[in-house]
Amino acid sequence: MKVLHVSAELYPLVKVGGLGDVMGALPQALKALGVDVRVLMPGFPGVLKGIRQEGEAGVIQGIPGVGEARLLKGRTPADIPIYVLDIPAFYDRPGGPYEESGDSHFKFAALAWAAAQLGLHGDNARWKPWIVHSHDWQSGLTPAYLAFGGAPRPATVVNIHNLAYQGIYAGGLLSDLNLPLESFHIDGVEFDGNINFLKAGLSYADRIITVSPTYAMEIQRPQWGWYLEGLLAKRSKDLVGILNGADYEVWSPAHSPHLESHYDPVRLSGKKICKNLLQRELELEENPEAPIFTVISRLAPQKGLDLVLDNVEYLVSLGAQLALLGTGEPALEQGFLKMARAHPNRVAVRVGFDEGLAHRFLAGGDALLMPSRQEPCGLTQIYALRFGTLPLVRRTGGLADTVVDANPASIANNTATGFMFEPESSWVLGETIGRACDLYQQNPRAWAEIQRRGMKQDFSWKASAGHYLDLYKALCA
Ligand code: ADP
């Protein structure tokens, strides 16, 4: 079974969010199941620096806006074969991978075009995928290029990691992007007179996967369908939600290289040391009794962090502390920084992206706040479970599929793993923070039991990768 994954992110080469984590782990899990899996990525500096290069895999012809470009080959740090599309004019630029310079449509059409050419013709060593599996809008045009690229073609799968990001560009670019006129209609790439990269994938792929069962249902309804709910509902028999897994080689309090003290469900005492070290690092009051609520997140409207901002004063009034690590919307950054200035020993804010600090937040925190308005899967709450940091989440998408609210019934029947609320309301979030503080302060034994149960949950990739493999087998049959 030969499968080519196409993505703009892959941890540790390039990571903006969960897509990077998924691509850092899923190919390895599929390889362990016997799949001959390879990855295609743009030649971002982090990719070229981070792989073991093994020469050229061929030349891709006819790339929209470019003409031809070299395809390099190599191995990722996890020893997965990788193809790299070498277009320095597009990818060797300062700033993040999605920094907008007015030519993102060409940057990512080139990636999809290269994927389609590899799918149709193979590389210079005659490796040719049976399935081309693209991820998110950045490689969304791949199935469209393959649908119009002639027969025989490989089967195609598209993964939706977040439907909110679609890659929408002017309809007049159709021929510049090598898309035929026949593709420009409601069941093709057209979206309100424009070209929609993700929609192209959803229209032409043989199968669609999204990252949790609940999200797979939510996106077929207007509230979270982002105007593609009709298409997704029409394709519901080809759409499946498979929960993301966590890479416990990377995300474990027992051996994270970013921690000075380690722990596991049997020896939780190391977590107390991590908490003290985090308080010291963040210049918070070194008080073991004060529950630390942490946030590790992109500061995007989707994440519902305005609801947290509304609750900072309340949280502090309960004797708790807040530690936030994030970057994104300037208004949120400023709002949280203002709170940190107002409560210097109780609220700490770090603006930026820092992988090591994310581990220390998970290890040193008592609870993780994730009040997302919408969350396709969410990985941070899954990591929090493993770190014994109780996730406090809103009931949506993958959060609903991975956390069990601690209420009298779930505490009694030993199923609670965190806290959950539903209405998108600052007041209800505040009430839930209050509930968490009460349990922490009044019933430390119950808290510790929930911690241990969370740490033992198994959201590893093994089971999820098996579902991907089943889908591949059905597709090839
Ligand atoms: P999303 O993909 O929507 O950003 P996920 O919860 O699926 O959300 O994945 C987020 C990933 O990005 C996690 O690995 C999380 O630790 C990481 N992350 C988010 N913000 C930061 C940050 N400011 N610094 C370090 N890691 C971060």
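Among the numbered conditions (1) touching a Phe, Trp or Tyr at 6+ places or on another chain (Cβ under 9 Å); (2) surrounded by fewer than 24 Cβ atoms within 10 Å (Cβ to Cβ); (3) closer than 22 Å to residue 312 by Cα, the only one that residue 394 does not meet is (2).
Does the stretch 314-321 contain any residue that is within 16 Å of the ligand (Cβ to nearest atom), touching a Leu at 6+ places or on another chain (Cβ under 7 Å) and of a type outside the set (A, V, I, L, M)? No, the conditions are met nowhere in the stretch 314-321.
Yes or no: residue 283 more than 17 Å from residue 392 (Cα to Cα), touching a residue at least 60 places away in the same chain (Cβ under 8 Å), away from the ligand (no atom under 11 Å from the Cβ) and assigned by TED's automatic domain parsing to the domain that holds residue 385? It is true that residue 283 is more than 17 Å from residue 392 (Cα to Cα), touching a residue at least 60 places away in the same chain (Cβ under 8 Å), away from the ligand (no atom under 11 Å from the Cβ) and assigned by TED's automatic domain parsing to the domain that holds residue 385. For the stretch 192-213, a residue qualifies if it is buried (at least 21 other Cβ atoms within 10 Å of the Cβ) and over 11 Å from residue 159 (Cβ atoms), and the qualifying residues are 195, 196, 197, 199, 200, 203, 204, 212.
Total residues in the stretch 402-421 satisfying the condition of being in a loop (DSSP other than H, G, I, E, B) and of a type outside the set (Gly, Ala, Ser): the figure is 7.
With a requirement of 3 or more residues that are within 16 Å of the ligand (Cβ to nearest atom), the helices (runs of 4 or more DSSP H) lying completely within the stretch 1-118 that satisfy it span 18-32.
Which condition number does residue 159 fail, the rest of (1) part of a strand (DSSP E or B); (2) under 16 Å from the mean Cα position of the chain (by Cα); (3) within 18 Å of residue 109 (Cβ to Cβ) being met? Status for residue 159: all satisfied but (3).
When 211, 157 are screened for being touching a residue at least 12 places away in the same chain (Cβ under 8 Å) and out of contact with any Gly (no Cβ under 8 Å at 6 or more places or on another chain), only 157 passes. Of all residue pairs spaced 6 or more apart or on separate chains, none has beta-carbon atoms under 7 Å together with a first member in the stretch 297-316 that is free of Cβ contacts under 8 Å to residues at least 12 places away in the same chain and a second member that is surrounded by fewer than 19 Cβ atoms within 10 Å (Cβ to Cβ). Note on the stretch 166-187: among residues that are in a strand (DSSP E or B) and either of a type in the set (Ser, Thr, Tyr) or under 24 Å from the mean Cα position of the chain (by Cα) (or both), the one that is surrounded by the fewest Cβ atoms within 10 Å (Cβ to Cβ) is 168. The combined condition, being modelled with pLDDT under 95 and over 24 Å from residue 20 (Cα atoms), is fulfilled by residue 408.
Would you mind stating whether residue 152 is out of contact with any Pro (no Cβ under 7 Å at 6 or more places or on another chain), surrounded by fewer than 24 Cβ atoms within 10 Å (Cβ to Cβ) and either over 26 Å from residue 57 (Cα atoms) or polar (S, T, N, Q) (or both)? Answer is no for this residue.
Among the residues of the stretch 270-283, is any farther than 30 Å from residue 470 by Cα, loosely packed, with under 15 Cβ neighbours inside 10 Å and among the basic types (Lys, Arg)? Yes, the stretch 270-283 contains a residue that is farther than 30 Å from residue 470 by Cα, loosely packed, with under 15 Cβ neighbours inside 10 Å and among the basic types (Lys, Arg).
So, in the stretch 323-370, exactly how many residues are away from the ligand (no atom under 13 Å from the Cβ) and among the β-branched types (Val, Ile, Thr)? Summing the residues that are away from the ligand (no atom under 13 Å from the Cβ) and among the β-branched types (Val, Ile, Thr) in the stretch 323-370 gives 1. Among the residues of the stretch 438-451, is any outside any helix (DSSP H, G or I) and not β-branched (Val, Ile, Thr)? Looking for residues that are outside any helix (DSSP H, G or I) and not β-branched (Val, Ile, Thr), one finds at least one in the stretch 438-451, hence yes. Scanning the stretch 118-158 for residues that are at pLDDT below 95 and on the phi > 0 side of the Ramachandran plot yields a total of 1. Here residue 292 does not qualify as under 23 Å from residue 349 (Cβ atoms), within 13 Å of the ligand (Cβ to nearest atom) and modelled with pLDDT of 95 or more.
Listed here are the residues, each with its yes/no results for (1) touching a helix residue (DSSP H, G or I) at 6+ places or on another chain (Cβ under 9 Å); (2) without any contact (Cβ under 8 Å) to a residue 12 or more places away in the chain.
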residue	(1), (2)
6	yes, no
25	yes, no
46	no, no
64	yes, no
67	no, yes
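For the stretch 175-187, the criterion of being within 27 Å of residue 17 (Cα to Cα) and among the β-branched types (Val, Ile, Thr) is met by no residue.
The values are calculated or read from the model by the stated rules, or taken from the named source; none is laboratory data. Remember, it's a predicted structure, so these values are computed and weren't measured experimentally. Note: ideal-geometry Cβ built from the backbone for every residue, glycine included; neighbour counts use all protein chains shown.
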